[in-house]
Amino acid sequence: MFKNEITTVDSTEFLITRKHQLEVQFYCQYPKRGNVTLGFTAHRNNVTVWEKGFGTFTYQFEFYPDSQYKTQIDPTNYPLEYDIGSRIYMQIEASSSINDTELFVESCRAAPYDNPNYWPTYPIIDNGCSVDPTVMIHSPGHQNQFKFCMEAFNCSVLMCEKGKPGTRCSQGCINSTSAGPHHHRRRRETATQTVRHFISQGPLRLRRSAESSGSPAVGMISAVVIYKAKISRVKYQPLPAFEN
């Protein structure tokens, strides 16, 4: 509690002042504890990337209520809540004005924070291979969509030129026992695929049973993607010279 007093200014006509004409005492009292709120949006927006040789393209990472993948979950419902054992349906989509492209999800993992450098994390997809036993990859409608689900996560994605041999997209799943051709990429690949891009979506909350105690577990799902596009090159051909 704070106290103070308001008084009138002393008159300059008198040499001394024995009493103020006005004296007002007041105090202010503030509670020691209080509740404050702050609004924020948990849903991550689309990621737009510009890269030399590929132009501008956009990644969209969304969750869906079922395997039909028709209507994405409303962003206002985030953070999403799931029961133990329920399936989580996700879709990563890339959009670009460049034709003959395909999306490749190189890795996907679960983490409590939206940080690509956070460790340890739980791997879902690694080197293009499903490592979680509950992961199911659904056939995409076209090459720029990747649909998958798993039980109740960051992903590495990239884009490549469709049908081009030697790119990371064409190599697919690379397990630890196979040779590592992606470690010896040819220089010509730089024109047929993008660098790896980090995207994420969440947070997700895991509902606990009535018998369990503690707060719900919270996690993020992130991905690393590569964008592969066909780059058209201008070819020159000499023309015959004519003389008059």
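Key figures
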{"item": "Label-point separation, Y118 to S67 (7 Å along Cα→Cβ), nm", "result": "3.0 nm"}
{"item": "Sorted peptide list for 158-169, 49-60, criterion being average Cβ within 10 angstrom, highest first", "result": "158-169, 49-60"}
{"item": "Protection proxy ranking of 196-203, 86-93 - average other beta-carbon atoms within 10 Å, highest first", "result": "196-203, 86-93"}
{"item": "Added length on full extension, which subtracts the Cα-Cα distance from 0.36 nm per residue, V135 to Q29", "result": "32.4 nm"}
{"item": "Under-5 Å amide H pairs with L80, H placed in peptide plane, nonlocal only", "result": "R205"}
{"item": "In Hz, Karplus ³J(HN,Hα) per residue of the stretch 193-199 (6.51, -1.76, 1.60; θ = phi - 60°; x = Gly, Pro)", "result": "8, 8, 6, 6, 10, 9, 10"}
{"item": "Straight-distance crosslink candidates among aspartates and glutamates, where the alpha carbon sits under 13 Å from K147 and sequence neighbours closer than 8 are dropped", "result": "E62, D66, E93"}
{"item": "Ranked packing of 61-67, 100-106, 114-120, 26-32, most packed first, by mean Cβ within 10 Å", "result": "100-106, 61-67, 114-120, 26-32"}
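Coordinate-derived values only; no laboratory data. Since the model is a prediction, treat every value here as computed from it, not as a measurement. All Cβ positions, glycine included, derive from the backbone under ideal geometry; neighbour counts span all protein chains shown.
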